[in-house]
Amino acid sequence: MAVTGVTKGACAHPDVAWAMLDGGVAGLADSRVANLARLRKAGIRAEMMLLRIPMPSETKSVVDVADVSLNSEISTIRSLGEAAMKKGVIHKVILMVDTGDLREGVWPDDVVRMCAEIRKIPGITLEGIGTNLGCYGGVIPTETNLGQLVQLKTQVEEATGRRLKLVSAGTSATFNLLQEGKLPEGVNHFRVGEAILLGTEAVGGKVLPGATTDSFRLVAEVVEVKTKPSLPIGEVGWDAFRTVPRFTDRGIRKRAVLAIGRQDIRPEAMEPLLAGCEILGASSDHLIVDVTDSPTEVRVGDEVPFRIGYGALLQAMTSEYVEKVVL
């Protein structure tokens with residue numbers, strides 16, 4: 001079983017990548033070519049995998065920084081092969097199969113034909129087949145849908161007469177199957193981000209045994225503290241993000257405004273670590289919290305810490321306005 005560490009959630013921060021490698025991952029993966037280039041620039045020579053289906057316009061760059069890429073379009077794979085031939089290298093491809101989540105991947109009944117076509121492309125080696133579950137359609141990995149992928153591997157090998165090295169179906173969403181001993185035999189490659197970064201599995205957010213959930217902490221500065229009504233005054237329509245907000249009348253409350261907003265984070269994936277603090281909502285640049293019940297007196301200039309989930313981590317690490325401090 002090989003584990004590739006996914007650096008996307010940390011925007012390919014080199015210190016995080018080195019920590020993953022020190023922890024024993026076989027290689028690194030990211031969804032952005034620029035992030036893989038960042039890791040190469042940091043001096044990392046481990047095997048690199050591009051997670052997002054390559055754009056036809058970036059195939060040369062993909063071959064320059066990635067050893068492996070996930071693919072579903074034969075024309076793009078041919079372009080990758082041409083770029084690899086010009087560079088004098090062999091580029092590895094994992095053919096993605098749609099097993100029900102309806103994001104990327106060829107339909108199962110077309111896998112054997114596609115694999116046979118890929119085998120003929122100069123500059124390309126077919127490393128294996130893979131699937132993604134839980135990211136778009138929310139489909140939970142099961143013995144059935146992952147077992148289908150293992151069966152397809154057998155069919156491809158019988159049709160082409162050549163072995164596939166990888167069945168890449170393990171992610172942070174498949175840890176429940178792994179722990180229950182129900183992961184189909186034959187799945188031998190994991191692409192893991194959230195479970196390493198935050199210590200949680202991706203289906204229900206359960207903390208994994210022996211893992212910690214505080215590797216990342218977000219801190220925001222207070223720019224205003226006022227006592228105000230809990231209901232807006234006047235007719236309510238769309239907010240800045242084209243949704244109609246809903247409020248509960250809790251009377252007059254003490255509120256703090258923090259200097260961070262939806263441009264930088266996802267408030268729904270944040271948990272205040274300040275006792276008695278509650279997130280009320282956010283605009284582009286401001287996070288509003290209720291501190292009425294906090295035993296700590298909150299003042300302008302204070303910093304409020306938060307535990308963050310994957311969505312908030314992804315945005316905060318991507319935002320150039322959020323300072324990253326490695327301790």
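Among residues belonging to region 95-128 that are assigned to a loop (DSSP other than H, G, I, E, B) and of a type in the set (A, V, I, L, M), point out the one that is nearest to MET49 (Cα to Cα). The residue in question is ILE121.
Filtering region 258-300 to residues that are free of Cβ contacts under 8 Å to residues at least 40 places away in the same chain, hydrophobic (A, V, I, L, M, F, W, C) and out of contact with any Lys or Arg (no Cβ under 8 Å at 6 or more places or on another chain) leaves ALA259, LEU274, ALA275, CYS277, ILE279.
Elements of the type strands (runs of 3 or more DSSP E) sitting completely within region 143-243 and holding at least 3 residues that are of a type in the set (A, V, I, L, M) and surrounded by 14 or more Cβ atoms within 10 Å (Cβ to Cβ): these cover 166-170, 217-229. Looking across region 248-260, the residues that are in a loop (DSSP other than H, G, I, E, B) and either under 29 Å from the mean Cα position of the chain (by Cα) or closer than 11 Å to ILE288 by Cβ (or both) come down to ALA259, ILE260. Could we say that ILE129 is surrounded by fewer than 23 Cβ atoms within 10 Å (Cβ to Cβ) and in the same structural domain as THR99 (by TED's automatic domain parsing) here? In short, no. Say whether the condition of being within 21 Å of the chain's Cα centre (by Cα), small (Gly, Ala, Ser) and within 30 Å of GLU117 (Cα to Cα) is met by at least one residue in region 188-201. Taking every residue of region 188-201 in turn, none turns out to be within 21 Å of the chain's Cα centre (by Cα), small (Gly, Ala, Ser) and within 30 Å of GLU117 (Cα to Cα). Inclusion of VAL89 among residues that are hydrophobic (A, V, I, L, M, F, W, C), under 28 Å from ASN145 (Cβ atoms), in the same structural domain as ILE129 (by TED's automatic domain parsing) and in contact with an Asp or Glu (Cβ under 9 Å, 6 or more places away or on another chain) is not warranted.
The values are calculated or read from the model by the stated rules, or taken from the named source; none is laboratory data. The structure presented is a predicted model; accordingly, all values stated were derived computationally and were not measured. As a convention, Cβ positions derive from the backbone with ideal geometry for all residues, glycine included, and neighbour counts pool all protein chains shown.
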